[in-house]
Amino acid sequence: MTWTHIPFRFDIETVRQMFDILVEFGLNVDSLTPSWLNDRFIQEMSAGSRDIFIWDYDDRFREAMLVTDLYVFLRTPHHLRPRVLDAIYSLNRDIFQYLHHYSNQGTTHLTRSGVYLAAERGRAHLSRYLDSFSAQTPEYRGLLEMIFIEQFIWTFNLVVAHTLLEHGVGFGGFPEDLDLSLPLQRFVAAIKQDSIKPETLSILRRLLRHGATIDADVIAVAVEEQGTSILRLLSEFEADFAIYGTPAIFMAALFNNYEAINWLLEAGVDINASILLRGKLTTVVGGFFKKITNYSHILQRSFSVHTLYFGVWNRKGDLGNSFSVSMFKYLVGRGASLCPQPGSSQPNSLLIHAVKTGKHRSDIVDIVSYLLETQGGFRDPLPSQPCLFEECFQDHPSCSHASDKTLDCGLPLFKFLLKRGVPIIRGGVLGHLIYHKAPLDLIHSVIDSGVDLNAYSGHDRGPEDVLDAAFPFHITALQAAASVDDLVLVRRLVDKGAVINLPGKGQIGRTALQAACLPIPLFSQDDTTVALVKFLIDNGAEVNAPAAPCGYTALQAAASAGNLRIATILLDHGADVNAPPGEISNRSALDCAVARGRLDMAKFLLDLGALSAKRGESGYDGAIECAEEYRHWAVVALLREHAKQYTDIRNLLRESGC
């Protein structure tokens, strides 16, 4: 959800009257704010659940939600939670000033907003404010502890935090099982916004004295956009940069802070040690291509409910998206190995990683050129490695383009690699070029280069259940040409030796004929499709080739497309109207027609004896359920009529003893 903010104009009488009406109808500014979440959610989080919904609210509202729900998590007594007026103080000072006179506690009770208002006037004024309630200290001790804890969750206020420490409020109110490195992390992130003061050092010493440790996350957060003052401060407290400092190098690279990188390397940080980015181990240069927009992406410690409240990871808009090419080259010059994962020794590993995850970058050609030069050209890949050229067209989470822009994203890089003399060792990329409608002259030049026309794209990418995230990841050139309804290209591929009956691979694979019977709608032209299907059959295409687990036979594909001409041709050449369905899709030809609401196709198939994959008592149970689900009522009526006839005939046969 994205909030739209409309500024309040308090110079307009009707705006002020609106709040007066709210109070008149029962708004109590001294009432306690409700919790945004419920106890059950907090219990699930406390049990270690990682299934967390990250809100896309405006930062002020999102932090307000975290603060109010902190009290549920801490089991804070109800009377110590924020008042409505306290929350309004944090969200809109104009509204607060207008509603303040409706409060009955402004001068008689110690309040959160009262603490912050006093702090605005300085430490001495805040001390006097706190002292004025000294007689009620036992009653308000818990409130002061909560205000102190809030400094490490919400906006840190140095005056408030240090003054509360001077008044005997410490870290005792924090959860007993809380790793105090989390409050330290928030504290370090906060002091980057201000100069280091004696009060800063005092709080830092107390945190460390109470058990906080300067871990990798704390050091990473200490990196500033310029300079090294916070890093130097932590070094005075014996921070172990050699062990924990590598994520900080990555952070410094994001900020293009060369001074910090030099300082960290001189402090003994291993530039090639592993770091955790977005939950996966990588290296500093391997993380170059990942989208990093907030601290959650560089979180090194295991996630827990405490990080939801005390960590800086939930703060948005603090980090840039990526570091520069010049920084990338600088890191390599300072000793960063060309490996995307620690210890990787496979040839071209960073080059492949760069193409796979960084092709969305406008400067990717410059990066690839630099890598080729640095590693001395393209090296012979291992059989287990993915094809470099295929990676130009594989979608990846780092790529922000829509899938229909894959060609625009990968083609310039593909052409550059060809120009640099990188050989196309495998032919799987040809399926990508054809499927994404690359220029025909480029496709023909690849065909003429002698690549294996029968290679499957993506054949080295891992388990098939992963491969099948998208259809073009696992097809041959001929299957791709058939799927885009390109008869001319199909003819040429067959003439050059492409095998027509290669099976469809993976969960949604298709043979060339199956692909032709259900072409991409954007490219489909009925006359061309008919000619294409006839050509494939005339050249030996298997009409009854089995369906992939999530795929279709040729007739099932034609039924889904509602193409009666294609269905007729297939049936004339022996297509089985009741061929077994895919193991997972579990739809017969009739079911496929019904799911699409193809009334004419359904009637055509019924007249030929077609049945549902889930036959039931009537022979059509599954088809009827499917038609009802998609609200194809005319199809439902047709099926029920045939079901009745089927049942009547079956009963008649039973009565006659047949």
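A few remarks follow.
- Selection of first residues in region 184-211 that are open to solvent by less than 70 Å² (accessible area, probe 1.4 Å) and of second residues that are basic (K, R) and not in a helix (DSSP H, G or I), restricted to Cβ pairs under 8 Å at least 6 apart or on distinct chains, gives the following pairs, ordered by first then second residue: A189/R315.
- Unmet criterion (only one of (1) at pLDDT 95 or above; (2) in a loop (DSSP other than H, G, I, E, B)) for R615: (1)
- Scan of region 2-25 for residues that are modelled with pLDDT of 70 or more and open to solvent by 100 Å² or more (accessible area, probe 1.4 Å), ordered by number: R9, D11, E24, F25
- Taken as a whole, the condition of being assigned to a helix (DSSP H, G or I), open to solvent by less than 80 Å² (accessible area, probe 1.4 Å) and either touching a residue at least 40 places away in the same chain (Cβ under 8 Å) or under 22 Å from D576 (Cβ atoms) (or both) applies to A623.
- Counting the residues of region 387-422 that are among the hydroxyl-bearing types (S, T, Y) and either closer than 19 Å to A455 by Cβ or at pLDDT 65 or above (or both) gives 1.
- Number of the condition not met by E224 [criteria: (1) crowded, with 17+ Cβ neighbours inside 10 Å; (2) in contact with a helix residue (DSSP H, G or I) (Cβ under 7 Å, 6 or more places away or on another chain); (3) assigned to a helix (DSSP H, G or I)]: (3)
- Residue check for H79: farther than 23 Å from L207 by Cα, at pLDDT 90 or above and open to solvent by 30 Å² or more (accessible area, probe 1.4 Å): no
- Checklist (1) touching a Gly at 6+ places or on another chain (Cβ under 9 Å); (2) within 22 Å of E542 (Cα to Cα); (3) part of a helix (DSSP H, G or I); (4) not hydroxyl-bearing (S, T, Y) applied to V635, failing item: (2)
- If the condition is being closer than 25 Å to L158 by Cα and at pLDDT below 85, then region 95-119 contributes G106, T107.
- Among residues of region 487-498, those that are assigned to a loop (DSSP other than H, G, I, E, B) and either surrounded by fewer than 18 Cβ atoms within 10 Å (Cβ to Cβ) or of a type in the set (V, I, T) (or both), counted: 2
- Of all residue pairs spaced 6 or more apart or on separate chains, those with beta-carbon atoms under 6 Å, a first member in region 646-658 that is closer than 17 Å to G609 by Cβ and a second member that is modelled with pLDDT of 75 or more are Y646/S618; Y646/G619; T647/S618.
- Residue satisfying all of: in region 146-168; within 18 Å of G122 (Cα to Cα) and not in a helix (DSSP H, G or I); most open to solvent (accessible area, probe 1.4 Å) among these: T155
- Residue match in region 587-595 (condition: assigned to a loop (DSSP other than H, G, I, E, B) and open to solvent by 40 Å² or more (accessible area, probe 1.4 Å)): yes
- Here V159 meets the list (1) modelled with pLDDT under 90; (2) closer than 12 Å to I203 by Cα almost entirely, failing just condition (1).
- Within region 455-474, the set of residues being under 17 Å from L388 (Cα atoms) and either open to solvent by less than 60 Å² (accessible area, probe 1.4 Å) or at pLDDT 90 or above (or both) comprises A455, Y456, S457, G458, D460, G462, L467, P472, F473, H474.
- In region 266-274 there is at least one residue matching the filter, namely being modelled with pLDDT of 90 or more, assigned to a loop (DSSP other than H, G, I, E, B) and of a type in the set (D, E).
- D452 vs. criteria farther than 17 Å from G427 by Cα, at pLDDT below 95 and either in a loop (DSSP other than H, G, I, E, B) or open to solvent by 30 Å² or more (accessible area, probe 1.4 Å) (or both): no
- Count of residues meeting criterion [touching an Asp or Glu at 6+ places or on another chain (Cβ under 7 Å) and open to solvent by less than 60 Å² (accessible area, probe 1.4 Å)] in region 341-384: 3
- Every condition in (1) part of a helix (DSSP H, G or I); (2) out of contact with any helix residue (DSSP H, G or I) (no Cβ under 8 Å at 6 or more places or on another chain); (3) surrounded by fewer than 16 Cβ atoms within 10 Å (Cβ to Cβ); (4) at pLDDT below 85 is met by R60 except one, and the failing one is (2).
- Matching option when the condition is of a type outside the set (D, E, K, R), touching an Asp or Glu at 6+ places or on another chain (Cβ under 6 Å) and under 26 Å from I508 (Cα atoms), among S612, S585: S612
- Listing of helices (runs of 4 or more DSSP H) fully contained in region 499-583 that carry 1 or more residues being within 23 Å of H474 (Cα to Cα) and open to solvent by less than 10 Å² (accessible area, probe 1.4 Å): 512-517, 526-538, 554-561
- First in region 245-259 and touching a residue at least 40 places away in the same chain (Cβ under 8 Å), second anywhere and open to solvent by 30 Å² or more (accessible area, probe 1.4 Å) and among the charged types (D, E, K, R), Cβ under 6 Å, 6 or more apart: F255/E225
The values are calculated or read from the model by the stated rules, or taken from the named source; none is laboratory data. Since we're looking at a predicted model, the values are computed, not measured. Using ideal geometry, Cβ is built from the backbone for each residue, glycine included, and neighbour counts are taken over all protein chains shown. Accessible surface is based on the protein model in full, side chains and every heavy atom, while ligands, DNA and RNA are left aside. Shrake-Rupley method; radii C 1.70, N 1.55, O 1.52, S 1.80 Å.
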